[in-house]
1. For region A:102-117, give me the residue count where each residue is under 12 Å from the mean Cα position of the chain (by Cα) and part of a helix (DSSP H, G or I).
2. Just give me the residues in region A:39-77 being aliphatic (A, V, I, L, M) and either within 14 Å of chain B (Cβ to nearest Cβ) or on the phi > 0 side of the Ramachandran plot (or both), in sequence order.
3. Inspect region B:224-245 for any residue being without any contact (Cβ under 8 Å) to a residue 60 or more places away in the chain, among the hydrophobic types (A, V, I, L, M, F, W, C) and assigned by TED's automatic domain parsing to the domain that holds residue B:90 and give the result as yes or no.
4. So if I check each of A:116, A:81, A:106, which one is touching a residue at least 40 places away in the same chain (Cβ under 8 Å), surrounded by fewer than 16 Cβ atoms within 10 Å (Cβ to Cβ) and more than 14 Å from chain B (Cβ to nearest Cβ)?
5. If you check B:101, B:75, which single one turns out to be in contact with a Gly (Cβ under 8 Å, 6 or more places away or on another chain), surrounded by fewer than 18 Cβ atoms within 10 Å (Cβ to Cβ), assigned to a helix (DSSP H, G or I) and at negative phi?
6. Of the residues in region A:52-74, how many are over 17 Å from residue B:352 (Cα atoms) and in a strand (DSSP E or B)?
7. May I ask you to list pairs of residues, at least six apart or on different chains, whose Cβ atoms are under 9 Å apart, with the first in region B:351-365 being within 9 Å of chain A (Cβ to nearest Cβ) and the second being part of a helix (DSSP H, G or I) and among the charged types (D, E, K, R)?
8. Only one of B:331, B:353, B:315 is part of a loop (DSSP other than H, G, I, E, B) and of a type in the set (Ser, Thr, Tyr); which?
Amino acid sequence: MSHPEPKLSHLYQEVILEHNRSPRNFKEIPNPTHYSHGHNALCGDDYHLYFIVDAGGVIRDVGFQGAGCAISKSSASMLTGLVKGKTVREALELKNRFVEFMTSDGLSAPQKEAVGRLALFEGVREFPVRVKCATLSWHALGDALKEGDARP
Amino acid sequence: MTRGGVYDVGKIRKDFPVLSRKMNGRPLVYLDNAATAQKPACVIDTIQKFYREEYATIHRGVYSMSQEATERVDAVREICRRFLTAERTEEVLFVRGATEAINLVAAAWGRKFVGKGDEVIISAIEHHANIVPWQRVCAEKEAVLRVIPVNDRGELLLDAYRQMLSDKVKMVAVTHMSNALGTVNPIRQMARLAHGAGALFLADGAQGIAHQKVDVRDLGCDFYAFSSHKIYGPTGIGVLYGKLAHLESMDPYQTGGDMIESVTFEKTTFAKTPRKFEAGTPAIAEILGLGAALDYVGALGIERIEAYEQQLLETAIRKLSQIPGVRFIGTAAERAGLVSFLLGDIHPHDVGTVLDQEGVAVRSGHHCAQPVMNRFKVPATVRASFGLYNTVEEIDALADALGKVGKIFA
């Protein structure tokens, strides 16, 4: 039987713990152009996401507020850093790649490359009940930035 | 395990096969008994033997195996009667669990006897299963659902309760023991007050049944609901105790086979209680398993189990109090069976995941008691709940594992 610690340290990577301690863009944005509330009734993770998208479809500002576990909070924090400056379409594409990365049966090298820094959530895949913690804020992003709002 | 002898927990643990397994490479420390309890070999064997050698339906066949099965189910009804110190076996209904038991009362009693402007009283520390059925009855009947408030320790405010009672109140439905906080409510006193106002009293015994002696007549309960799986029996079966006069006054809950006296297309006359409330072929094997579980607990002695578990609880409170950052949610003077707590600002799910890797099974979440979480302004708690087979060493393992959580999230 394998020793449990490596699995845990793979889950709670230092970067994840650091984002949990000091979440980025942890703020409410008044009068957002796009907004969504991500809530997991089962475990109580609860986040509000705020976006300012300009006329050209570029995400100019993004913030989040709420409460939840270390995985959900660090994932939301990293989301804000990654999508700021991206177009809505790019952000939605990254969301799709990350959700696939977290939920696909196997994991190929291209799939890992496609999510960039988010690959450090790979350890969460070993804890199936926690996968939804990592994807919660990204699903909320998908709700806020509907495909129809994506402009070229 | 003779009555009155030494409580030999090492010997008792050998009765529970699953306790010898490992989880994530560590000896299993099972502290989620408030969710569901593990099963002794006598329960597992009873069910297996029934399916392998004795299986037949009840109440129908004229052949011997069916008659034997019928007699054994009747015998379990008597075991339940004795366990609850009820007056008559007809007062014991087999249902799927405490949830169905409460739904049965809400539907079959509530929809008949609760009217417009009437009131139903519950408490602020109920499980969703003792909230939502009453909410629905009150909404349908334009009745008012009122909630007994709770103090910061998790104790119900009895003065407020007294003031809520009036002749408008038709039912008081309160948990015997809170699954989220461990509070044991003074249900004998609360039932007496309810009766003084002309209301009936239902106790949700899902937790209480496994941790202390329940004498429904002494407690003055009109209804008492419990699930088999929390008292070391199988899932899918439970008991609703109801005073005979109430059961006779109620309409059937579900209709179908086994609950009728005669059926024509013009008219159906219903069987007498308890069969009036037991439509369809019941969970026969599970009923027998429940009987084995209650016999097991009875042989050990519920009073001895209670005394032993109180020692475990005191040990847990003492040891966890020494861990920096531990904050208990629920500190009632009268409590049993569990500790609910937070560890610093670490989310309970993160605590639960680390404990799991250490072989320690706890519940982290809102415990199907969201109003309790809202009252104490926490999204969730970690809950370690004890059963008759837990040990002081397992509480040490919990405390050690919590130390590791603290290190990871330091």
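1. Here the count works out to 2.
2. Within region A:39-77, A:41, A:42, A:67, A:70, A:71, A:76 qualify.
3. Among the residues of region B:224-245, at least one is without any contact (Cβ under 8 Å) to a residue 60 or more places away in the chain, among the hydrophobic types (A, V, I, L, M, F, W, C) and assigned by TED's automatic domain parsing to the domain that holds residue B:90, which makes the answer yes.
4. Every option except A:81 fails the conditions.
5. Answer to the check: B:75.
6. Looking only at that region, the number is 11.
7. Going by the 9 Å Cβ cut-off, the qualifying pairs are B:353/A:130; B:354/B:404; B:357/A:5; B:357/A:7; B:357/B:404; B:358/B:400; B:358/B:404; B:364/B:350.
8. Result: B:331 is the single residue among B:331, B:353, B:315 that is part of a loop (DSSP other than H, G, I, E, B) and of a type in the set (Ser, Thr, Tyr).
The values are calculated or read from the model by the stated rules, or taken from the named source; none is laboratory data. Model, not experiment: these values are computed from the prediction. Because the Cβ atoms are built from the backbone with ideal geometry, glycine has one as well, and the counts that use them run over all protein chains shown.
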